[in-house]
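Novice: Can you keep this structure in mind? I'll have questions shortly.
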Amino acid sequence: MRKLFVLMVTMMTFIGTKAQMILSDTHAMLRLEQGKKYLLLPVQEKEEVAAIAVVDARNEMVMRLNVKLAVDKVDYYVPLELKNACLLDIFFRGDRRTTGAIKDFACWKEMKYSDTFDKTNREHFRPAYHHTPEYGWMNDPNGMFYKDGVWHLYYQWNPYGSQWENMTWGHSTSRDLIHWQAEPTAIEADWLGAIFSGSAVVDKENTAGFGKGAVIAMYTSAGTSQTQSIAYSTDGGRTFTKYAGNPVITFNAPDFRDPKVFWHEQTKRWMVVLAAGQEVQFYSSTNLKDWKYESSFGREYGNHDGVWECPDMLCFGEKWVLLLNINPGGPFGGSATQYFVGQFDGHKFTCEDEPKETKWMDYGKDHYATVTFHNAPEGRIVALPWMSNWQYATVVPTKQFRSANGLPRDLGLATANGETILTSTPSKEVTALRGQKVKTPTETCEIVVDVKGTMELTLSNAKGEQVVMSYDAKKQTFAMDRTKSGNVSFSEAFPCTTEAPTYGQMKKLHIFIDRSSVEAFDGEGRMAMTNIVFPSEPYNTLKVKGGKATVYEMKY
């Protein structure tokens, strides 16, 4: 024990009082010791963000970030890698009449230098077989592609807190879509702005001139205006170099973002679809640098109760599907993913649905920013959602990290009631986790239900917390009630019942449980429902009426 204590003291040193310079009621500077790896910044989530300029020895700013520095107490720490930093120039935005004197803020005595940052999981609700960031805030999946046996997932990430801010592209890799390895930050903010959502493609034929097989990322630079930029990687997507000619696409609209690049085989061109307020815009290019406007779609179609975001274009042979995320405007409030079926000729998307019809990809409360992997093997179309909702994403009961991705799902088409619908089935990498049969549910399990007409299924624990799922065979609807699922107190928008059409008789139901989520899929993929939950202890009791349930352990 004594040896361990001595080691920690040598690894971690506290800020000296002489380093701190109070300049006004809202302005301070902190001179940094040289040769230190990290400065651990203390965060207090209820405070206003402090704007921090990181300055090097030449008095040049090398980074700008916003951190909720602790005033009264520390909720957690985040690491600032110092590299060549010499000075922090800090501006506090809070009201000094309520927070007190700046010299007495807790952050000054709680900041400390360290050679390490402890990423050991401290969260009871962290999923076991869903992707999460090691720490910090995560929202939209970005730039997903498959290459050389590796799935690459980038994501909107705040490395300096567990609420939205400081958007960069975090990066994780996997060989099975289940076990993810955290990689170094991929793309960081610059003078053009924060790094918002986007996509990545493998340039197999060197159309952009950065090398055969280079990975080209296109993302939104969110500065004073939102513009589109590209960066390229010649090491398989691990590090990126920003293109000197950025931005490559501009438009005079405040909401102009989330480029999804795809190849159009018939015209032999790259295409990009962008969200532009209440429509999407299509652009074409032969080299991923120079883009030509082609057309717009959506003003008269679908749901317009919120901002359109994160579009994607999926080719299913003769038919195309446009995915379009919207917030707010979801069927049960907040965020959701709608889609449109039609044809795309490389210039214009023509929708076969009625203009006022809205088709939802997932009828849960926690399925958003859904996009697909480029270059997936075997001709598969694999999608991955952000598993949360903007109504409460920043206040869910975790702090070391916030948000997970939903399960990867393979997409297809089916016909129901004379219409084409998008189907979602758990990817084969998920079903491969199925282990032995067990008698009762656990915090990580799969439940397969053979449905016999109208059905009701209740998951519960000894605390009286429960999730109730029901299928109405006559109405052909499926519902999930999480109003008593556990901790629902953090947001009035959280306790709810979600309901979905099943587009025909449901014969089999697959339910995936993972500590803080319940995802339900119709056996034929015609219904998907994703909801997060926060039970005080795992659901370990299962009751079923109108069906036979089998519980399987998960081999993660």
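Novice: Please work out if residue 470 is among the polar types (S, T, N, Q), open to solvent by 10 Å² or more (accessible area, probe 1.4 Å), in a loop (DSSP other than H, G, I, E, B) and modelled with pLDDT of 95 or more.
Specialist: No; evaluated as a whole, the condition is false for this residue.
Novice: While we're on this one: Name the residue that is most open to solvent (accessible area, probe 1.4 Å), counting only residues in the range 150-165 that are closer than 19 Å to residue 123 by Cα and out of contact with any Ser or Thr (no Cβ under 8 Å at 6 or more places or on another chain).
Specialist: 160
Novice: Return the pair list, or none, for Cβ contacts closer than 6 Å from residues in the range 346-362 that are under 21 Å from residue 315 (Cβ atoms) to residues that are modelled with pLDDT under 95 and surrounded by fewer than 18 Cβ atoms within 10 Å (Cβ to Cβ), at least 6 apart or on different chains.
Specialist: Within 6 Å, no pair qualifies.
Novice: Scanning the range 74-91 for residues that are over 29 Å from the mean Cα position of the chain (by Cα) and free of Cβ contacts under 8 Å to residues at least 60 places away in the same chain, which turns out most open to solvent (accessible area, probe 1.4 Å)?
Specialist: Filtering the range 74-91 for residues that are over 29 Å from the mean Cα position of the chain (by Cα) and free of Cβ contacts under 8 Å to residues at least 60 places away in the same chain, the one most open to solvent (accessible area, probe 1.4 Å) comes out as 84.
Novice: Let me ask something additional. Just to verify a result, which residue in the range 94-114, among those that are at pLDDT below 95 and in a loop (DSSP other than H, G, I, E, B), is nearest to residue 366 (Cα to Cα)?
Specialist: 94
Novice: Take residue 352 and decide whether it is modelled with pLDDT of 95 or more, acidic (Asp, Glu) and in contact with a strand residue (DSSP E or B) (Cβ under 6 Å, 6 or more places away or on another chain).
Specialist: Spelling it out, residue 352 is indeed modelled with pLDDT of 95 or more, acidic (Asp, Glu) and in contact with a strand residue (DSSP E or B) (Cβ under 6 Å, 6 or more places away or on another chain).
Novice: Continuing with the same structure: Of everything in the range 494-506 that's open to solvent by less than 30 Å² (accessible area, probe 1.4 Å) and of a type outside the set (S, T, N, Q), which residue is nearest to residue 398 (Cα to Cα)?
Specialist: Taking the candidates together, the pick is 494.
Novice: A further question follows. With the requirement that a residue be surrounded by fewer than 23 Cβ atoms within 10 Å (Cβ to Cβ) and among the small types (Gly, Ala, Ser), what does the range 237-270 give you?
Specialist: Once the filter is applied, which keeps residues that are surrounded by fewer than 23 Cβ atoms within 10 Å (Cβ to Cβ) and among the small types (Gly, Ala, Ser), the range 237-270 yields 244, 245, 253.
Novice: Give the residues of the range 365-399 that are open to solvent by less than 20 Å² (accessible area, probe 1.4 Å) and farther than 30 Å from residue 149 by Cα, sorted by residue number.
Specialist: 365, 389, 392, 393, 396, 398
Novice: Next up: Being modelled with pLDDT of 95 or more and surrounded by 18 or more Cβ atoms within 10 Å (Cβ to Cβ) is the requirement here; does residue 344 meet it?
Specialist: yes
Novice: Moving to a separate point now. Which members of the range 49-73 meet the condition of being of a type in the set (A, V, I, L, M) and under 29 Å from the mean Cα position of the chain (by Cα)?
Specialist: 49, 50, 51, 52, 53, 54, 62, 63, 65, 67, 69, 70
Novice: Checking the conditions here, which among 448, 488 is open to solvent by 10 Å² or more (accessible area, probe 1.4 Å) and in a strand (DSSP E or B)?
Specialist: 448
Novice: Quick one: which of 453, 412 is open to solvent by 10 Å² or more (accessible area, probe 1.4 Å), small (Gly, Ala, Ser) and within 27 Å of residue 283 (Cα to Cα)?
Specialist: Among 453, 412, only 412 is open to solvent by 10 Å² or more (accessible area, probe 1.4 Å), small (Gly, Ala, Ser) and within 27 Å of residue 283 (Cα to Cα).
Novice: I've got another one for you. Would you please name the residue that is nearest to residue 209 (Cα to Cα), looking only at residues in the range 278-295 that are open to solvent by less than 30 Å² (accessible area, probe 1.4 Å), part of a strand (DSSP E or B) and not hydroxyl-bearing (Ser, Thr, Tyr)?
Specialist: 282
Novice: Only one of (1) more than 21 Å from residue 186 (Cα to Cα); (2) of a type in the set (A, V, I, L, M); (3) surrounded by fewer than 23 Cβ atoms within 10 Å (Cβ to Cβ) fails for residue 273. Which number is that?
Specialist: (3)
Novice: Still on this structure, please answer the following. Just give me the residues in the range 92-117 being among the hydroxyl-bearing types (Ser, Thr, Tyr), more than 31 Å from the chain's Cα centre (by Cα) and open to solvent by 40 Å² or more (accessible area, probe 1.4 Å), in sequence order.
Specialist: 98
Novice: Next question. Checking residue 310 against (1) farther than 19 Å from residue 156 by Cα; (2) open to solvent by less than 10 Å² (accessible area, probe 1.4 Å): exactly one of these is not met. Which one?
Specialist: (1)
Novice: Another question, then. Restricting attention to the range 507-556, and to residues there that are in contact with a Cys (Cβ under 9 Å, 6 or more places away or on another chain) and acidic (Asp, Glu), which single residue is surrounded by the most Cβ atoms within 10 Å (Cβ to Cβ)?
Specialist: It comes out as 514.
Novice: Which numbered condition in (1) at pLDDT 55 or above; (2) of a type outside the set (Val, Ile, Thr); (3) surrounded by fewer than 10 Cβ atoms within 10 Å (Cβ to Cβ) is the only one that residue 40 fails?
Specialist: (3)
Novice: Could you grab me the full set of residues in the range 194-236 that are closer than 18 Å to residue 277 by Cβ and either in contact with a His (Cβ under 8 Å, 6 or more places away or on another chain) or buried (at least 16 other Cβ atoms within 10 Å of the Cβ) (or both)?
Specialist: 196, 197, 198, 220, 221, 222, 226, 227, 228 - these are the residues of the range 194-236 that are closer than 18 Å to residue 277 by Cβ and either in contact with a His (Cβ under 8 Å, 6 or more places away or on another chain) or buried (at least 16 other Cβ atoms within 10 Å of the Cβ) (or both).
The values are calculated or read from the model by the stated rules, or taken from the named source; none is laboratory data. This structure is a prediction, so every number in the text was calculated from the model and none was measured. All Cβ positions, even for glycine, are placed from backbone atoms using ideal geometry, and neighbour counts span all protein chains on display. For accessibility, only protein heavy atoms count, side chains too; no ligands or nucleic acids. Shrake-Rupley method; radii C 1.70, N 1.55, O 1.52, S 1.80 Å.
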